[in-house]
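The values are calculated or read from the model by the stated rules, or taken from the named source; none is laboratory data. Just so we're clear, the structure is a prediction, and the values are computed from it rather than from any experiment. Cβ sites come from the backbone with ideal geometry, for glycine too, and all protein chains shown count toward neighbours. Side chains included, ligands, DNA and RNA excluded: accessible areas come from the protein's heavy atoms. Shrake-Rupley method; radii C 1.70, N 1.55, O 1.52, S 1.80 Å.
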Amino acid sequence: MAATNKSRRRWLILIAATILLATVWYSWQRFRNPPPWSDEERNLIASLWIENLQPLPPDATNAVADDPRAQALGHRLFFDVRLSGNGMISCSTCHQPIRHFSDGLPKGVALGISKRNTPSIVGSAYSPWLYWDGRKDSPWSQALSPLEDPNEHGSDRLKILSVIASDAAYRRAYESLFGAPPDLSRQQDIDRAFANVGKAIAAYERLLKHGTSRFDEYVVHIEAGGDSLNQNIFSINEIKGLRLFIGEARCTECHNGPLFSNNEFHNTGLLSIAGETPDRGRIDGVRTLLADPFNCFGEFSDDPTRACSELRFARMGAELIGATRTPSLRNLVNTAPFQSKGQFQTLLEVLQHYNRAPLAMIGHNEAKALGLSNWELRNLAAFLHTLAAPIAADQHWLQPPPID
Amino acid sequence: MVFNLLRRYCLFASLSLFLLPGITLAHGGVVEEDDLCVINIGYLKAHFKIYVPQQTGHDEYCEDIPIRGESVFVMEYQHDGLSEAEIDFRIIRNVTGKSTFARLEDIRAIDDIDAITIHYTAPTVVPDVFTLLQSFDEDGEYIGIVSAARTDTGKVYTAVFPFEVGYIGVGIWPWIIAGLLLLQLNYFFMSRRRTKGAAIAAAVIVLSTLPTGNVTADEKSWASSAGYFRVQYASDLEPIAINKIHSWVLHIESADGKAVTGAKISIDGGMPEHDHGLPTVPRVIEELGSGRYRIAGIRFHMGGYWELRISIDSGSHRDDVLITLEL
């Protein structure tokens, strides 16, 4: 009798253990394998695909924007340390090709310390606004500012024009593009020639475009009807991160389109850094821009119609207080630290900030708290890492030109 | 349930008791109004707050700063007059002997104000929002003096607010009050979240029943709120996509189907669910005749529900049309 009882109990334990194991296994599978993408999700994913990026529109304000001679001249100027007060700083001091044309520092360091974090140049020609505060409206006009900023190149337009005049190759290239050298006794001539320097640099910068990332490969795979789960491009965590990115985490509200940016200005409640008051952002940027003689309306723009389809309709107002430009997320893993003042060292810190969405010090934080778990934030970060890609430009553009 | 109500009542009663003396303690020019810290510079008001970002992050203080360190003072103007006024900001050690009751007269009585000044921002016009940075190395009593001089009338308005930095010796009561307040706030927010959730759900239901804008050149016509006009639009960008600046042609008819010409039109809009407006200022660039108007500078920078409000003034009538789009 005792023996039968014992064996019956053993059976019961066995059955219970089996049921428990099966349940655990089932839940684990549910956890491991997220559901397939819905049609809506597929559309959202495809909208982020690099192949859906329109060809770079022509820059009407820059007549030499796509001229190969200007590209070559701009390439040399970009790497030329003579365009600085101490003969040691070039554009590539902060915009280092090896770091995806940024510098790995919280704020740029050249002759002094810049006001904000050095953004990557790659893909920047697509944006109607330049700088974190949007105080420039064309890449050529942007390129002029660092040259005369005492904390950056610390040079001035006259010195820069004299470098060009003293270098035979520069002089030839300049004259073939822009005609006779400037009359240095006339301010307007000086300013025009200075703008031309920016236009050549911008022509070079337009060549720097984003390449294909692992995310784009994944899009190709699922667009071709491949299995969204069983593939060797994206891990389960990356898929979960992507699902959060286009869904619950609401990232695509601002980081949308193939460049993961709407190029607009948003206040996201960032804390000011030590020694500084909160960044006023676009509210000052737009005023500076409207007063800038090198803006789209100005006399140095090459667009005779002065269409200025963005500047003409630029908005003012309280929403712009403390608002900075949405940066592209492509290759952001190579552009740490993050945010306009380099407030965050890691992606996880950035995501934790958006997850909390604290009240802004100045203005109004547009973001809403997300309430995601740390696991979910890690998955989001895992997804963001899949946006790394080589620069889609010929190798010789990514290093200093040979000296001739 | 009864217990809950009782608990709530007790909390409320205890809070009101503690809050009453708090109100009388308001320091000069800075007061709490409806949970908002406000500085009154004459009749000019600004939302006032102080941060010690490197130590206490996003924590806001109304005037007393509990910790030494680098403080950021913020005045967000609630009155446009401040955007145009010359503002000067001075912080002095409180040597008046009147602690939190120091007033402008007491400051005027000080012989050498510069000797006790630890911060001075000379008069400047700072639009939209005023910020300043000041490090406090010592605990103690201080006074802030803010003046706003109107550049048009030349009138000067001044606010004085005594405040303390560092440990504020008031014993254990503030902590108890803070604890109770927290409980109450928590309760308040919990109940608010519930109603907010319900409101959002209701809004979603209402919205889902609203007609959404068809993004292809649509034949749909939108009636103005008082019914004076009917409006159709055709976009030169088809389908309407985000992040692209483009233009629309509006066709405006009166209620009886006649083309409305020579109207004054203005455009506003935004995403009500995100509390933000349009990223651009679209406007009429051309009247095309027979009630048609070209509006340029339209750009949407997010997917989701958008509203565009077209205000039409035909001379005889003025009315608004609300066009909604789902992008």
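Computed on chain A, with alpha-carbon pairs under 8 angstrom and 6+ residues apart, the relative contact order is 22 percent. Relative contact order of region B:217-326, taken over Cα pairs closer than 8 Å and 6 or more residues apart, is 29 percent. Ordering A:PHE300, A:PHE79 by accessible surface, largest first, gives A:PHE79, A:PHE300; the 1.4 Å probe counts only protein heavy atoms, with every chain in place.
Think of region B:217-326 as having a plus end and a minus end, set by charges on the Cβ of Lys, Arg, Asp and Glu; of B:VAL321, B:VAL249, B:GLY289, B:GLY289 sits farthest toward the positive end of this dipole. Region B:73-88 and region A:122-195 have their alpha-carbon centroids 37 Å apart.
For chain A, the solvent-accessible area works out to 46 Å² per residue, with a probe of 1.4 Å and every protein chain left in place. Taking chain A as the reference, fit the longest principal axis to its C-alpha atoms, fit the long axis of helix A:157-166 to the helix C-alpha atoms, and give the angle between the two in degrees, 0 to 90, nearest 10. Value to nearest ten degrees: 70. Helix A:187-205 and the longest principal axis of the Cα set of chain A meet at an angle near 30°. Our summary gives region B:30-165 a relative contact order of 30 percent, counting only alpha carbon pairs under 8 angstrom and 6 or more residues apart.
Students often get this wrong, so check it: of A:LYS107/A:LYS209; A:LYS136/A:LYS209; A:LYS368/B:LYS220; A:LYS159/A:LYS209; A:LYS136/A:LYS341, which have C-alpha atoms separated by over 27 Å?
Distance filter (> 27 Å) returns A:LYS368/B:LYS220; A:LYS159/A:LYS209.
Surface composition of the protein assembly as shown: carbon plus sulfur atoms contribute 58% of the solvent-accessible area (1.4 Å probe, protein chains only, all chains present). Summarising the label geometry, the points placed 7 Å from Cα in the beta-carbon direction at A:GLN29 and A:ASN237 lie 2.4 nm from one another.
Partner shielding of B:49-61 amounts to 3, given as the average count of beta-carbon atoms from other chains within 10 Å of each residue beta-carbon.
Spin-label pair A:ILE98-B:THR158: with each label point 7 Å from Cα along the Cα-Cβ axis, the two points sit 6.0 nm from one another.
B:HIS246 exposes around 10 Å² of accessible area when a 1.4 Å probe is run over every protein chain in place.
Positive-end ranking of A:MET361, A:ILE19, A:LEU270 along the dipole of chain A, with charges on Cβ about the Cα centre, is headed by A:ILE19. Taking every protein chain into account, the accessible area of region B:30-165 amounts to 45 square angstrom per residue (probe 1.4 Å). Given region A:46-104, report the % of alpha carbon pairs whose separation exceeds 12 Å. Result: 76 percent of Cα pairs exceed 12 Å.
Of B:LEU237, B:LEU278, A:LEU14, the order by accessible heavy-atom surface (1.4 Å probe, DNA, RNA and ligands excluded), from most exposed downward, is A:LEU14, B:LEU237, B:LEU278.
Shape class for region B:217-326: prolate, because the ratio a/c of the largest to smallest gyration tensor axis (alpha-carbon atoms, square roots of eigenvalues) is 1.5 or more and a/b beats b/c. Overall shape: rounded for the protein assembly as shown, with the ratio a/c of the largest to smallest alpha carbon gyration tensor axis below 1.5.
Interface between chains A and B: roughly 3200 Å² of accessible area buried, both sides summed (probe 1.4 Å, protein heavy atoms only).
Taking 4.7 Å between C-beta atoms as the pairing limit, chain A has these partnerless cysteines: A:CYS91, A:CYS94, A:CYS251, A:CYS254. In this calculation the C-beta distance from B:ALA178 to B:GLU105 is compared with R0 = 41 Å, giving a FRET efficiency of 0.80. Residues of region B:285-305 with amide nitrogen under 16 Å from the 7 Å Cα-to-Cβ point of B:ASP236? It comes to B:285-289, B:292-300, nothing else. With everything on Cα atoms, drop me the angle between helix A:347-356 and the longest principal axis of chain A, reported from 0 to 90° to the nearest 10. For helix A:347-356, the angle is close to 80 degrees. Note on region A:71-111 and region B:263-306: Cα centroid distance 41 Å, given to the nearest whole angstrom. For region B:30-165, the Kirkwood hydrodynamic radius comes to 15.2 Å, computed from all pairs of different C-alpha atoms.
Comparing A:GLN71, A:GLN29, A:GLN352 in a Gaussian network model of chain A (Cα springs below 10 Å), the most mobile by mean-square fluctuation is A:GLN29. Each residue was assigned an accessible area with a 1.4 Å probe, and for B:TRP248 the value is about 0 Å². The spacing between region B:135-164 and region A:296-319, judged by their C-alpha centroids, is 40 Å.
I want the local charge near B:ILE310. Using Cβ-Cβ distances under 9 Å, sum +1 for each Lys or Arg and -1 for each Asp or Glu among the other residues.
The answer is -1.
Summing +1 for each Lys or Arg and -1 for each Asp or Glu among the other residues whose beta-carbon sits under 15 angstrom from that of A:GLY87 gives -2.
Shown are A:THR277, A:THR324, whose ranking by accessible area with a 1.4 Å probe and every protein chain present, most to least, is A:THR277, A:THR324. From its DSSP helices (H runs of at least four residues, each -39,500 (n - 2.57)), chain A gives a residue-normalised ellipticity at 222 nm of -12000 deg cm²/dmol.
The Cβ shell under 12 Å around A:TRP397 holds other residues with a net charge of +1, Lys and Arg each +1, Asp and Glu each -1. Checking the a/c ratio against 1.5 first, then a/b against b/c, what shape does the Cα gyration tensor give for chain A? Prolate. Rounded to the nearest 10 square angstrom, B:THR153 shows an accessible area of 90 square angstrom against a 1.4 Å probe.
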